[in-house]
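For reference, the structure is listed below as structure tokens.
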Amino acid sequence: MASEVTQLHFLLIPLMSQSHIIPLTDFAKLLAQRGVVVSIITTPLNYIRYKASIQHALESGLTIQMLPLEFPGGQVGLPPGCENMDSAASVDLAWDLMLASEILKSPLEEMIEKLDPSPSCIISTSALPWTQQVADNFKIPRYIFETVSCFTLLCAHKLSQARIQETEISDSESFLVPDIPHRVEFTKAQLPAREYSDRVKSFVEQIGKTMLSARGAVVNSFEELEPWYVEGCRKERQRLWCIGPVSLCNKNLAEKSDRGDKASIDEQYCMSWLDSREPRSVIYACFGSLSRISAAQIKEIGLGLEASNCPFIWIIRSLDSSAEVEKWLAEEKFEQRIEGRGLIIRGWAPQVLILSHPSVGGFLTHCGWNSTLEGISAGVPMITWPMCAEQFYNEKFIVDVLKIGLRIGFEVCAVAEQSNALVKWDQVKKSIEKFMDDRDDEGRDRRRRAQKFGEMAKAALEQGGSSYLNITLLIQDVMQACK
Ligand code: UDP
């Protein structure tokens with residue numbers, strides 16, 4: 001472990017969601033490996049969920065701590081226990097939680113007064129605009145931790161410049177993203193909603209303003225993955241460093257498995273199940289921590305996986321497991337039917353551990369950016385099933401730019417609780433069969449390219465690699481700002 005600096009203290013503040021806390025915790029480890037003191041700010045219930053991951057870092061001698069701040073959500077109308085986006089029972093409640101995070105501002109300022117060493121900078125997600133005021137009050141720089149790719153940042157910028165949402169074209173008509181080197185087509189229906197309620201609108205405006213005041217940005221990506229888009233973003237924001245894929249900081253079984261919640265399966269059992277499969281034969285199907293999937297769609301996914309004749313691991317999340325789903329699984333004797341070929345994990349999967357196993361040959365994913373990058377890092381090609389938010393951008397990136405994915409064919413970005421559109425079981429089956437067909441040139445090419453990107457990802461984080469160097473540059477920038 002190289003100790004480049006000792007006195008710096010980075011304060012990391014993630015939005016209260018798995019897809020922010022997990023990568024920021026990984027990034028904290030990468031920073032601490034370079035001799036920086038790192039504190040991650042969170043709330044009591046999140047602290048309980050993530051402390052195993054911090055414990056591994058402490059055991060390996062890293063100067064890292066997670067500091068819980070009381071979160072009086074009840075005062076702003078949140079139900080008890082609602083401290084993470086995945087515990088918000090509706091999209092509205094998730095917005096409430098995001099907006100309510102500002103109640104942490106004063107307790108955080110009180111805590112900062114007492115911290116020793118005093119913080120040198122704040123790194124926080126863009127959805128926490130109030131953290132900019134905290135940084136300003138303490139006269140320390142703030143950096144934004146981007147949880148999307150440079151491709152997404154730049155395409156969204158180009159589409160907003162072209163005012164696509166204001167044009168007359170219909171929801172299903174396609175248009176090209178202007179001024180980029182790849183042919184990337186969207187429909188309006190695939191873009192995240194632009195019409196917000198007044199309170200959300202003013203919050204989004206605040207995010208935009210504070211982005212301009214931030215000193216710089218770090219992106220969980222690596223330069224070799226999207227060089228043109230990284231350069232494009234640097235034209236907009238000079239101080240931008242790609243420092244990922246951060247998940248690759250987890251090296252051993254315990255580190256790979258203790259990310260986010262406790263895994264709902266015995267890791268050794270999961271590994272020996274995978275050991276007993278042929279190399280690159282298994283489909284891993286998981287849809288992240290937030291997307292809402294109807295019971296009808298869950299059934300179609302199950303039937304499609306079963307009919308594909310392919311070994312699979314299927315995650316039925318707590319979010320998915322309604323009384324209707326459980327009844328269907330029991331009545332159909334689904335688990336007995338797939339026994340020997342399919343493994344169902346109910347709850348939380350050790351995703352990075354599973355993806356890094358050589359028997360995994362494909363990832364059926366909702367295209368969240370963390371999952372996308374974790375698939376890329378493992379060298380695994382993907383079947384893309386975007387559902388909401390910026391996930392359609394990630395699908396275009398995987399399929400049209402990197403050419404390591406096959407679309408399932410889901411076309412509408414959900415704006416409400418969940419989409420009514422249904423992908424039928426035979427479409428799931430056909431996609432998996434086409435994807436796994438080794439006689440198919442396209443498929444072989446996809447697999448080769450995915451392996452190549454996996455190797456590039458690992459090289460980026462090794463000493464001398466681009467992300468390793470960018471972390472050095474970021475640390476130097478903080479030192480300069482603190483002079
Ligand atoms: N994840 C996991 N186990 C699960 C589901 C998700 O470890 O069963 C992790 C996954 O590895 C990723 C994060 O949760 O790091 C999900 O982030 P992503 O951006 O992919 O999707 P989101 O949760 O925002 O939809």
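The values are calculated or read from the model by the stated rules, or taken from the named source; none is laboratory data. Computed from a predicted model, the values in this text were never measured in an experiment. Cβ sites come from the backbone with ideal geometry, for glycine too, and all protein chains shown count toward neighbours.
With the condition kept exactly as written, say whether any residue in the stretch 202-215 is part of a helix (DSSP H, G or I), of a type in the set (Asp, Glu) and at pLDDT below 95.
Looking for residues that are part of a helix (DSSP H, G or I), of a type in the set (Asp, Glu) and at pLDDT below 95, one finds at least one in the stretch 202-215, hence yes.
For THR365, all conditions in the list (1) over 30 Å from GLU185 (Cα atoms); (2) in contact (Cβ under 8 Å) with a residue 24 or more places away in the chain hold save one; what is the number of the exception?
That leaves (1) as the condition not met.
How many residues are touching a residue at least 60 places away in the same chain (Cβ under 8 Å) and among the β-branched types (Val, Ile, Thr) when one looks only at the stretch 313-347?
1
Taking the stretch 144-169, which residues are in contact (Cβ under 8 Å) with a residue 40 or more places away in the chain, touching a strand residue (DSSP E or B) at 6+ places or on another chain (Cβ under 7 Å) and either part of a strand (DSSP E or B) or surrounded by fewer than 17 Cβ atoms within 10 Å (Cβ to Cβ) (or both)?
Passing the criteria: ILE144, PHE145, GLU146.
Filter the stretch 250-277 down to residues that are of a type in the set (Lys, Arg) and either more than 10 Å from the ligand (Cβ to nearest atom) or over 24 Å from the mean Cα position of the chain (by Cα) (or both) and give me whichever is nearest to SER19 (Cα to Cα).
Once the filter is applied, the top-ranked residue is LYS262.
Looking only at strands (runs of 3 or more DSSP E) that lie completely in the stretch 300-405, which have at least 1 residues being surrounded by 24 or more Cβ atoms within 10 Å (Cβ to Cβ) and either under 20 Å from the mean Cα position of the chain (by Cα) or within 16 Å of the ligand (Cβ to nearest atom) (or both)?
Ranges flagged: 312-316, 360-365, 382-384.
Can you list the helices (runs of 4 or more DSSP H) found entirely within the stretch 421-483 that contain at least 2 residues being exposed (fewer than 13 other Cβ atoms within 10 Å of the Cβ)?
Passing ranges, in order: 441-461, 466-482.
Could you go through the stretch 228-251 and let me know if any residue there is assigned to a helix (DSSP H, G or I), in contact (Cβ under 8 Å) with a residue 12 or more places away in the chain, of a type outside the set (A, V, I, L, M) and over 27 Å from LEU461 (Cα atoms).
No, every residue in the stretch 228-251 fails to be assigned to a helix (DSSP H, G or I), in contact (Cβ under 8 Å) with a residue 12 or more places away in the chain, of a type outside the set (A, V, I, L, M) and over 27 Å from LEU461 (Cα atoms).
Confirm whether ASP320 is charged (D, E, K, R) and closer than 27 Å to ARG49 by Cβ. Step through it out loud before you land on a result.
Working: charged (D, E, K, R): yes; closer than 27 Å to ARG49 by Cβ: yes.
Spelling it out, ASP320 is indeed charged (D, E, K, R) and closer than 27 Å to ARG49 by Cβ.
Looking at (1) assigned to a helix (DSSP H, G or I); (2) in contact (Cβ under 8 Å) with a residue 60 or more places away in the chain, can you tell me which one ARG34 breaks?
If we test ARG34 against (1) assigned to a helix (DSSP H, G or I); (2) in contact (Cβ under 8 Å) with a residue 60 or more places away in the chain, just (1) comes out false.
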